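Report on the following structure.
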Amino acid sequence: MRADTRPRPSGPLTRLRAHWLSTAYLVAVAAVCVWAVIDWRLVAHEDASFAAVWPLAVTAPGSLLLLVLPGDSPWAYAACVALGAAVNAWLLHLMAPKSGAEESGAEHR
């Protein structure tokens, strides 16, 4: 019998804290995407801007592999960035060392 039988919190904030590396990566990707959209919509450039390249660079290699799919629309670009970010976050989650919140949650299941 276990001495500590208190219920453990298992909400979304607890899971985000347990997977801090992939969460930090997704926040960084979101910040780069917001910056790219602001640069695209609000800043006047005399020639081309490389702002649209940064989201692809931050989510590479997943987003670059998806760019070979047919479709030349902003939605296809957004899907490439989103799926690349999701794949990379999942890989970071798999490679990250187990935190105390994950280990204690696994013991009580």
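The values are calculated or read from the model by the stated rules, or taken from the named source; none is laboratory data. The shown structure was predicted, so the numbers you read here are calculated from the model rather than taken from an experiment. Cβ placement follows ideal geometry from the backbone for every residue including glycine, while neighbour counts extend to all protein chains displayed. To get the accessible areas, we keep the full protein, side chains included, count just its heavy atoms, and leave off ligands, DNA and RNA. Shrake-Rupley method; radii C 1.70, N 1.55, O 1.52, S 1.80 Å.
Between a first residue in segment 66-84 that is part of a loop (DSSP other than H, G, I, E, B) and a second residue that is open to solvent by less than 60 Å² (accessible area, probe 1.4 Å), which pairs have beta carbons less than 8 Å apart while being 6 or more apart in sequence or on different chains?
Pairs that qualify, where the first residue is part of a loop (DSSP other than H, G, I, E, B) and the partner is open to solvent by less than 60 Å² (accessible area, probe 1.4 Å), are L67/L56; L67/C80; L69/A76; L69/C80.
Identify, by number, the condition in (1) surrounded by 10 or more Cβ atoms within 10 Å (Cβ to Cβ); (2) in a helix (DSSP H, G or I); (3) modelled with pLDDT of 80 or more that R41 doesn't meet.
Failed condition: (1).
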